[in-house]
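Everything on this sheet refers to the single structure shown next.
Derivation of every value follows stated rules applied to the coordinates shown; laboratory data play no part. All values reported here derive from a predicted model rather than from experimental measurement. Positions of Cβ are generated from backbone atoms using ideal geometry, with glycine treated the same way; all protein chains shown enter the neighbour counts.
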Amino acid sequence: MIRKIVFLFMLVALMGCNQQALMEKFTAKEEVEFSKEYLALFQARNFDAIEHKLSPELKNEPQIRQKLEQLAKLFPNENVKNIMIYGSHTYSDKNLRRYDLSFIYEFPSKWLFIDIRLEKNGDLIVVKGVHARPLRGSPEITNRFTFKGKGAINYIFLPLSIMVVLFNLFAFVLCIRTPIPKRKWLWAIFVLMGFVRFSLNWTTGYFNITPISFQLPGTWFTKGGLLGPWVIETSIPLGAIIFMLKRQKWLAPPVEAESGGHHEENIGKVE
């Protein structure tokens, strides 16, 4: 069991390392290059070229030049050290295609998270929107799974979540081995279910409760995107608890009904 858990964590780690390569492989290369060239115009403060590539409705927005100048102030006058593709979504409608691309820009003095929306009609590409915000530092470091600088809730929530999933697995194994009268496969699914979801953002410590919810299995460890924060979700193992209570009844030997034969025999002997 321990070897399987270690193998699983190694597999997750390898997937994280290769995710950027997969993202670059399957993202539309022409649109990515267009976006990089367009964002470079903000560093160059070439606002005429920036406006030229905007969609018509954005060009006609009031104070569009001032908005672009404010956005350009987020770009430092430094060479970009690294550009990472964070997300990519494509929408198609006949000859019209829309692209939502997200990038993380690493500069010597700061990090930027940038969203850009493109629209392609035939061979013409226009920009439908650009948003940028500074990051506290490298997302890979900020959102790594570590206990350094974490609060009490992290130290409490993680062991409880692990206990829930172990209890679910323990109950599942017992369920397979228990002589259940009928619908055993339904019980096997039920013991893995959790009700009322509790979630914790490992980086920020944000805690949330979703009262009306269920999940299978009872605990999840997820990562928000390539460099996003880890989120732990756990729940009340209600299915496993109910099964453990019912199991004692299923394992108990059947109680035989009292026979009335002895009483009838005595009556028969009465003279």
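Looking at the square roots a ≥ b ≥ c of the eigenvalues of the Cα gyration tensor of region 21-125, which shape do they give, rounded for a/c under 1.5, prolate if a/b is larger than b/c, or oblate?
Oblate.
How much length would be gained if the chain were fully extended between residue 230 and residue 33, taking 0.36 nm per residue of separation minus their Cα-Cα distance, in nm to one decimal?
Full extension from residue 230 to residue 33 adds 67.9 nm.
Along Cα→Cβ, 7 Å out, is where each label goes; now give me the distance between the ones at residue 60 and residue 195 in nm to one decimal.
Taking the two extended label points, one gets 5.6 nm.
In the structure shown, do any of 36/120; 120/223; 59/81; 67/94; 128/223; 150/223 have a Cα-Cα gap over 27 Å, and if so which?
Going by Cα-Cα distance, 120/223; 59/81; 67/94; 128/223 fall outside the 27 Å limit.
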